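The values are calculated or read from the model by the stated rules, or taken from the named source; none is laboratory data. Predicted model only: the values in this text are computed from it and were never measured. No Cβ is skipped: glycine too gets one built from the backbone with ideal geometry, and neighbour counts run over all protein chains shown.
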Amino acid sequence: MLLGRVIGNVVATQKNARYAQARILLVQPIDPDGRARGASLLALDSVDAGEGDVVLLVQEGWGASTAATGEAGAAIDTAIVGVVDEIQADGG
Amino acid sequence: MARVIGRVVATVKNPALEGRKLLVIQSLDARLRPTGRPLVALDAAGAGAGELVFWCRGKEASFPFEGGDVPTDCTIIGIIDSEAHVSFQRSAISPQPEGPLVRLRAES
């Protein structure tokens with residue numbers, strides 16, 4: 001999974017039917033120290049994340065589809081599956 | 001291979017992730033040098049701080065968990081006993097004993 005920061009959202013009236021109830025958020029992947037890394041991307045939200053939140057991104061179609069739409073098989077490659085409270089160094 | 005370098009605390013998360021440990025890992029090359037970006041991995045091996053682990057990615061990353069409906073693309077599936085337990089044939093990785101395949105074709 002990648003860490004990312006929600007930087008915006010996307011409104012698309014006309015879209016794949018499986019996306020009908022989904023929120024599409026614009027996310028900037030980040031390193032654990034908070035620095036942006038790589039290109040921003042779109043992710044379906046499954047945890048009610050909001051702008052500014054640091055989130056966990058799953059980049060695998062089956063898991064992303066199941067998490068964000070409740071069933072497998074939607075044309076999705078990235079979903080937000082958690083909102084990060086804290087990142088502890090070393091890992092306990 | 002990777003080193004556990006941190007832990008992620010997330011209260012709000014997908015229900016299937018409840019009770020699972022989320023660890024920050026840094027991938028390593030054969031010489032145990034960092035390579036690539038840090039990732040967040042779900043733990044299926046009981047790993048902890050600073051440990052040397054190995055992990056898998058893709059849909060298969062959800063297989064270690066009961067029911068298989070855990071949304072993860074990166075899971076720690078083993079703990080390497082120690083750095084001394086990593087051995088490899090040095091000539092196999094660098095420097096390359098032979099030139100690139102393209103040049104070999106040109107010579108033949």
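Across the range B:12-34, what is the number of residues that are among the polar types (S, T, N, Q) and either surrounded by 19 or more Cβ atoms within 10 Å (Cβ to Cβ) or at pLDDT below 95 (or both)?
Of the residues in that region, 1 qualify.
Among all residue pairs at least 6 apart or on different chains, which show Cβ distances below 6 Å where the first residue, located in the range A:18-40, is closer than 18 Å to B:Ile5 by Cα and the second is acidic (Asp, Glu) and not in a loop (DSSP other than H, G, I, E, B)?
none
Somewhere in the range A:32-52, is a residue surrounded by 17 or more Cβ atoms within 10 Å (Cβ to Cβ) and of a type in the set (Lys, Arg)?
No: zero hits.
Which residues, counting only those in the range A:49-77, are closer than 12 Å to A:Ala22 by Cβ and either modelled with pLDDT of 95 or more or basic (Lys, Arg) (or both)? Give the derivation first.
Initially, the range A:49-77 is screened for residues closer than 12 Å to A:Ala22 by Cβ, giving A:64-65, A:67-70, A:74-76.
Passing the criteria: none in range.
Quick one: would you say A:Leu3 is under 23 Å from B:Ala61 (Cα atoms), part of a strand (DSSP E or B) and out of contact with any Ser or Thr (no Cβ under 7 Å at 6 or more places or on another chain)?
Considered against the rule, which asks whether it is under 23 Å from B:Ala61 (Cα atoms), part of a strand (DSSP E or B) and out of contact with any Ser or Thr (no Cβ under 7 Å at 6 or more places or on another chain), A:Leu3 comes out as yes.
Please list, ordered by first then second residue, the pairs with beta carbon atoms under 8 Å, 6 or more apart or interchain, first in the range A:81-92 and facing chain B (nearest Cβ under 7 Å) and modelled with pLDDT under 95, second part of a loop (DSSP other than H, G, I, E, B) and surrounded by fewer than 13 Cβ atoms within 10 Å (Cβ to Cβ).
A:Asp90/B:Gly50; A:Gly91/B:Gly50
Taking into account only those residues within the range A:50-68 that are more than 7 Å from chain B (Cβ to nearest Cβ) and part of a strand (DSSP E or B), which is nearest to B:Lys59 (Cα to Cα)?
Within the range A:50-68, the match that is nearest to B:Lys59 (Cα to Cα) is A:Leu57.
Among residues belonging to the range B:65-92 that are acidic (Asp, Glu) and either crowded, with 16+ Cβ neighbours inside 10 Å or part of a loop (DSSP other than H, G, I, E, B) (or both), point out the one that is farthest from the other protein chains (Cβ to nearest Cβ).
Of the range B:65-92, the ones acidic (Asp, Glu) are B:66, B:69, B:73, B:81, B:83.
In the following step, the residues that additionally are either crowded, with 16+ Cβ neighbours inside 10 Å or part of a loop (DSSP other than H, G, I, E, B) (or both) were identified as B:66, B:69, B:73, B:81.
Working: B:Glu66: 15, B:Asp69: 6, B:Asp73: 4, B:Asp81: 18 Å.
Among them, the one singled out is B:Asp81.
For the range A:3-15, indicate whether the set of residues that are facing another protein chain (nearest Cβ under 7 Å) and modelled with pLDDT of 95 or more is non-empty. Walk me through it before giving the result.
Here is the first cut: in the range A:3-15, the ones facing another protein chain (nearest Cβ under 7 Å) are A:3.
Pick out the ones that are also modelled with pLDDT of 95 or more and you get A:3.
Yes, because at least one residue in the range A:3-15 is facing another protein chain (nearest Cβ under 7 Å) and modelled with pLDDT of 95 or more.
Do you know which residues across the range B:71-108 are farther than 30 Å from A:Leu44 by Cα, modelled with pLDDT of 90 or more and of a type in the set (A, V, I, L, M, F, W, C)?
B:Ile79, B:Ile80
Can you name every residue in the range B:1-35 that is in a loop (DSSP other than H, G, I, E, B), more than 11 Å from the chain's Cα centre (by Cα) and more than 8 Å from chain A (Cβ to nearest Cβ)?
B:Glu18, B:Gly19, B:Arg20, B:Lys21, B:Ala30, B:Arg31, B:Leu32, B:Arg33
Taking the range B:44-58 on its own, how many of its residues are away from chain A (no Cβ under 12 Å) and under 21 Å from B:Ala16 (Cα atoms)?
3
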